[in-house]
Amino acid sequence: MSQIAEYFMNHLDPTGYDTSDSYGSCIVSSSQSYKGQSALEQCLFVPSSSSLPSSQLSGLVNAQQTQPDSKKENKSSLNTANPWDKQVQNILKCTFHMEQFRGSQIDIINSTLQGKHVFVLMCTGGGKSLCYQLPSLVTLGYTKGTTIVISPLISLMHDQVEALISKRIKACMLSSTSSSKQKTMALQLLSEGKLNLFYISPEMVMGSSPCKGIIRRLYRQNRLARLVIDEAHCISSWGHDFRPEYKKLGQLTKEFDGVPVMALTATANDNIQEDILKILNLKNVVVFKDSLNRKNLYYEVVQKNSRTIEYMTYLLKTEFHGQSGIIYCNSKASCEKVSKELNQANISSEFYHAGKTANSRLNTQRKWQQGTIQVVCATIAFGMGIDKENVRFVFHYDIPRSMEGYYQETGRAGRDGNPSKCILFFCLQDVNRLQILIQRENVSALQKEHNLKKLQDVLVYCHNKVDCRRLQILEYFNEEFFPSNCMKTCDNCKNIGVSTIEQKDFTHYAKQILSLLRKLGNERITTNQCQDIFRGSNNMKTRFSGYDNFEEHGSGKDLTKSETDRLFVHLLKTGYVCEYFFTNSMGYSTKYLKLPDPIKEIKGKVMLNSLKKQYKAKKKQDIDVDNSQSRIDTFSSSLSLFKCHQNSSFQSEDVSMQNLLSENSQSMLDDNSSLIFETINSCISTNLYCTEEKENHKHPKRKKRKSETLPFKKRKKS
C-alpha cells in the first residue's frame, strides 16, 4: 500500500470518516480495484505516491498545520469587507497554489458564501471549478457542510476528484457504475458529513432513494452548504447537450429551499440561460458573464474533400509534430477510420466513442492526458470538463451540430494560454447527412425544428468567408466584439483584412430567388439546382426543364459562388425559404427547397458584408518601375528555365524546384516565393508540367477539355 493509502487507513475508523482535522481526501470509484485489499480499502481509491509532488507527500501528515485557523480569521475579519476574505486568500495560496483570482472568480465566491443563488457563464478553461471548490473549504460562510456537485460525465467527476485528492481536499464521487460496496461507503461518508465535496451524477441523485434521504437529513441538520450544477446547459432542451435527468433537478432545488444553488456553463445564450433558471425554480439570481473570447485560439474553416485526412496527417507531422490534440467526428465509424489512417501514418492515436466500454474509454483518456498518445479521435462524448492544458489543436473532421457545441469543443484547446489552432472541415454532404439524422430522431417536431435551426447557424458560420470568425462566434452569444481586436487570429481576417470589407445590398437578388421559387411551385428542386438557374447555368437539367426561359434565369450571374451560397443560407436562416425532405420508395432522402406557408415577403433591405472589388492601381510614386520590371523579367526567365527542364526527356536525374531557378532569381525567390510556387503549382495542376521523377519518358500531352474542342461563339461587338 502506498504512503498516502497508509495515511488514510490510519485516520479512518470502520465507519469510513476521517478522525483527524486535516484535509484528507477519499474517492469512491468503480474504475480501479486493488487485489488483496479489504472492502474498505477497495472503496478508497487514491493515486500512487509517484503521482503526487514530493512537497505534497512530505507535508501530508502535517496537513493540519496548513489548515486555516478559523479562530484567528474571526479576530482579523473585522477589518475586511467579508469575514471570510483572509481565509479565502489563504486557501487560494496554500491549497490551490494560486497567487490571485481570474476574472470574476472572487465575486462569484463571495456571492455563494453570502448564500445567494449564482449563475455563471464563463469561457472554457476560465476556472469555473474553483468557484465552488474553494468555497467548500471555507468555514466562515453563510452556510456550512457538504457541497453537492451534480456533474454529467463519470470521467469528468473522476478527473476533478482525483485533482482534489492531490490537494488534500475531502472529496468523494458516486455514479451509476459504482459497485454496491463503493455505493455503501460513499453514502456512509456523505451521511457522516465529513466531506467537503460530494460528486454525483444526475441519474443517481434523482433515482437513488438512499442518497436523496441522506441529502434530506443533511438539509434538516443545516449541513448542506450548496448545490452545484456543473455543465448547466444540459438542463435546457434547447441546449446542445440536453440530458433528460438534468431537467428533473428543479424538483431538488424546490425541495431544498434556502440552500444556495450555483449553475455553471460555458455555452448558453440568453434564451438558454432563461430556460435554465426557469427549470431550476431560481429567483433573485446573481448572474456573472465573463467574456467568452479566447484570444489565443486561431479559428479556421477548410473545405473538406477526399484528401482531408492526408492534410490533417501533414499538419500533425509538421506544424503540430509531437503535440497533443483532439479530432472530433460525428460517428463511431468516422472516429475509427480517422484513427486507423493516422496510426498507419505513424501518428499515435486512439478512438473514443460510446461503443467502447467505460474502462476502455477511461484508459484512452488517461493515455492521452499523460501524453502516451498524441491524438484522440472522438465523438462529442469526449472532452467535457477535461483539464489538459497543452492541447495545441482541435480539428472537426465533421461539422458540429450547433455553435454551442463548436465553442465548447474548441475551448478544450490552449488552456495554458499559448497559441492553439481550431480547424473545421466543412462540406455540404456532411450537412445533408446530419440533417437527415436529425429528421429521424425520436423527438418532437418542435425539437427537430430547433435542432435544424442550430445546425443552420453552423452552416451560416461556415459559408461566411468575409466576417471575422471570432466576431461571428461572440455575436452568437450576444457579446459585443470589434473585428479590429481579432489581430488576424482567424482565417477570414488573415486572408482579407477589415479594410477590404463593404456592405452590399442583396435585396434585388433575394427577391429574384423568391420569384423563381414561386414560379417553380410544387416542383422538387434542390438548392444546387436553384442556384444553377439563378446564376444562369445552361446545363442539361436547366435546358431540358425549360428553366432557361425563366425571367429569373441568370439574374444572379454578377454574384460569386461564395456570395450566392451566403445569400441562400441567409434566406433559409431568416425564414424566407425553407427546406423539406422527400424519401423515395428505396428509403433514400433528398432535401428540396420551397417557399414557406404562408409566404414571407421581403420587407426592408437584405444587407450582407462582401469583399470590395479592387479597381484602383497603386499610386505612381509608390511604384518602383525599374525594380518591378526587373522582378518580372527575372520571374519570366526562371519560369522559362523551369519549363525547359520539364520539357526535357528526363534522361538526367530530376532536380528540385529550387535548383531549377537561376542564380539571378534567388533574391526574388526569397521575397516572392509564394507567388512563384503558386504559379508553378497552377501549371502543375493543369498537367502543363510534371514534377514527378521519370526516366526516359517524355511528358504526356494534356488532354483537351470538352469545352476546348467546341467552336467558340463569336461575341458581338460592343
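Note down the net charge around Asp159, summing +1 for each Lys or Arg and -1 for each Asp or Glu among other residues with Cβ under 10 Å from its Cβ. Here the count lands on 0.
Any idea which of Leu520, Ala510, Ile533 is furthest toward the positive side of the dipole for the range 499-546, if Lys and Arg beta-carbons carry +1 and Asp and Glu beta-carbons -1? Going by the charge dipole, the pick is Leu520.
Each Lys or Arg adds one and each Asp or Glu subtracts one; over the other residues with Cβ under 11 Å from the Cβ of Asp467, this totals +3. Please give the Cα centre distance for the range 556-590 versus the range 355-413, rounded to the nearest Å. Using only Cα atoms, the two centres lie 32 Å from each other.
Nearest 20 debye, what's the magnitude of the dipole of the range 503-611 about its Cα centre given +1 on Lys and Arg Cβ and -1 on Asp and Glu Cβ?
120 debye
Taking the Cα centre of the range 297-496 as origin and charging only Cβ (+1 Lys, Arg; -1 Asp, Glu), how large is the dipole, in debye to the nearest 20?
Values: 26 positive and 21 negative charges, 105 e Å.
Magnitude of the dipole: close to 500 debye.
Could you list Val460, Val394 in order of exposure, starting from the residue whose Cβ has the fewest other Cβ atoms within 10 Å? Intermediate results must be reported in sequence, preceding the final value.
Working: Val460 18, Val394 23.
Ordered by Cβ neighbours within 10 Å, fewest first: Val460, Val394.
Shape summary: the range 465-578 maps onto an equivalent ellipsoid whose semi-axes, from the alpha-carbon gyration tensor, are 33, 15, 11 Å in decreasing order.
Taking the Cβ of each residue in Phe534, Phe426 as the centre, tally the other Cβ atoms inside 10 Å and list the residues starting with the fewest. Mind dumping the intermediate values first?
Numbers: Phe534 25, Phe426 19.
Ranking Phe534, Phe426 by Cβ neighbours within 10 Å, fewest first, gives Phe426, Phe534.
Across the options Phe482, Pro419, Leu342, the greatest Cα extent toward the positive end of the charge dipole of the range 297-496 (unit charges at beta carbon of Lys, Arg, Asp, Glu) belongs to Leu342.
The shape of the range 297-496 comes out oblate: with a ≥ b ≥ c from the C-alpha gyration tensor, a/c is at least 1.5 while a/b does not beat b/c.
None of the figures in this text is laboratory data; all of them are computed from the coordinates on show. Computed from a prediction, not measured in an experiment: that's the story for all the values here. A quick note on method: Cβ atoms are made from the backbone with ideal geometry, for glycine too, and the neighbour counts reach across all protein chains shown.
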